[in-house]
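Structure first, commentary second.
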Amino acid sequence: MRPGTRRVRTRSCTAVIRDARAKNEIGVLLTNRPNFGIIVSQVNRLRKRLSRSFLSSPTFQLRSTMVSLRDVAEAAEVSAATVSHVINGTRYVSPELTARVQRALRDTGYKPNLVARSLRTQHSQTIALITSDITNPFYPGVAQGANSFSEQYGYGLILCDIEEDSAYEEKTAFWLQQKRVDGLLFTSIHMDSPTILALHEDRYPFVLINRKRKGLQTNYVGIDNRDGMAQSVRHLAGLGHRTVGFIAGPSLSTAAHERMDGFFNAAQEHGLEIHPSLVYNGSYRMDDGYGAVLHFLRVRPDITAIVAANDMMAFGAWQCLHRLGIEVPLEVSIAGFDDIPPASMGPVGLTTVRGSQHTMGRLAARLLIDTIEAETYQPPQQIVLPAPLIVRDTTAARRKRERLEKEPEVMARLGALLLQTLQQPIDKEVS
């Protein structure tokens, strides 16, 4: 306030009039214009200040620059309906008009209102992939394949990791439904999953990837697990191996059961020894392969080859053999399953079965989006891809018992590793 000036106390117009009426001073009020003029002038100044603030705000700038379908239509010199058909693909539009509309879309920077579209079409243009262990290199390939296809057709992809927890799987699926996600992709369900049963009964769109739900016919994309494992066994049998250890997958996984069936059927066909001591139950983790080698060498030191139901367990077995001083494949051959990226990245490649993760992801996303957009109920589809054997550096012909010369040394290291295993956790990282 400048020196010599007096602060003017202002009140609202309504308050001034109300008090004047109470005192019967309406006539005075009407003649006392300076006070009322101060109020009006301050209100006007405040209105102008607020207007300038709003006009310069990001919200107003965004609203004022928002492009509508009508703006695009005017730029392309077509109707708004034609623009809508080009964007949504709901009707045939000639290539010439389509090119004009697409050029106008680029020039105007048009962005569709996804919330409004969701309310209008009852679709959010979003799907979700539910996986069990995102740290396993198998699953990123599936996610990349699903994302590449869904993005191509205007769908977003949400990735959820449930860590093999069936209760969390059910909560996650319910949460995604509440968020208006259009459909779900599953890579890790148990064969008795109640979540899948509920979705199936509700006819909610979903696709299972390389795992099935027992007793249900559902949309499914996977690989031929039995034949892939049988090829691995035939390969080892052809190299002369007869005492082969098998590292099985989780007991609640249909894919693990199929791979086990393929192993035993081919082992019986080619005369390999079949005995409970040559089977180790794992859960698709690297430390399972490590524990399997310790088990095999303790109860069956004559073993010459190991087949794992996935690559992570094969890497664990390989690491353990290396620490014991046993050479791969000169003394023990190893074969995995899935062909994850690390299987071919090192100087020594892992013999394995190709899992086609990227292709499975793309096909699963395509099947899910087709199901979502179908106008009538579509019967479930089953897509099974071939699973070829990829022979690399970890399998070789069985040799004479060269390891017998250093058997005492190996057994001494084995004892030390067994003791170490009891004292500290095993490194689970791929080496």
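Here are some notes:
- Selection status of residue 163, surrounded by fewer than 16 Cβ atoms within 10 Å (Cβ to Cβ), of a type outside the set (Phe, Trp, Tyr) and either out of contact with any Asp or Glu (no Cβ under 6 Å at 6 or more places or on another chain) or closer than 22 Å to residue 375 by Cα (or both): yes
- Just one of (1) part of a loop (DSSP other than H, G, I, E, B); (2) without any contact (Cβ under 8 Å) to a residue 60 or more places away in the chain; (3) hydroxyl-bearing (Ser, Thr, Tyr) fails for residue 277. It is (1).
- Every pair of residues 6+ apart whose Cβ atoms lie under 7 Å, when the first sits in the range 77-94 and is touching a residue at least 40 places away in the same chain (Cβ under 8 Å) while the second is of a type outside the set (Phe, Trp, Tyr) and surrounded by 17 or more Cβ atoms within 10 Å (Cβ to Cβ): none
- Scanning the range 186-228 for residues that are assigned to a loop (DSSP other than H, G, I, E, B), within 17 Å of residue 173 (Cα to Cα) and of a type in the set (A, V, I, L, M) gives 189, 191.
- Among the candidates 329, 342, residue that is in contact (Cβ under 8 Å) with a residue 12 or more places away in the chain, part of a helix (DSSP H, G or I) and assigned by TED's automatic domain parsing to the domain that holds residue 256: 342
- Subset of the range 233-251 [modelled with pLDDT of 95 or more and in contact with a helix residue (DSSP H, G or I) (Cβ under 8 Å, 6 or more places away or on another chain)]: 233, 234, 237, 243, 244, 245, 246, 247, 248, 249
- Counting residues in the range 208-215 that are touching a helix residue (DSSP H, G or I) at 6+ places or on another chain (Cβ under 8 Å), assigned by TED's automatic domain parsing to the domain that holds residue 154 and at pLDDT 95 or above gives one or more.
- Test: residue in the range 317-326 that is surrounded by fewer than 19 Cβ atoms within 10 Å (Cβ to Cβ) and in a helix (DSSP H, G or I): yes
- Those residues of the range 268-301 which are within 21 Å of residue 253 (Cα to Cα) and touching a strand residue (DSSP E or B) at 6+ places or on another chain (Cβ under 8 Å), in sequence order: 278, 279, 280, 281, 282, 288, 289, 291, 292
- Of the criteria (1) at pLDDT 80 or above; (2) surrounded by 12 or more Cβ atoms within 10 Å (Cβ to Cβ), which one residue 123 fails: (1)
- Taken over the range 169-185, the criterion of being buried (at least 19 other Cβ atoms within 10 Å of the Cβ) and assigned to a loop (DSSP other than H, G, I, E, B) is satisfied by 181, 182.
- Looking across the range 253-283 at every residue that is under 15 Å from residue 310 (Cα atoms) and out of contact with any helix residue (DSSP H, G or I) (no Cβ under 6 Å at 6 or more places or on another chain), the one that is surrounded by the most Cβ atoms within 10 Å (Cβ to Cβ) is identified as 253.
The values are calculated or read from the model by the stated rules, or taken from the named source; none is laboratory data. Given the structure is predicted, the values throughout are model-derived calculations rather than measurements. Here the Cβ is made from the backbone with ideal geometry for all residues, glycine too, and neighbour counts use every protein chain on show.
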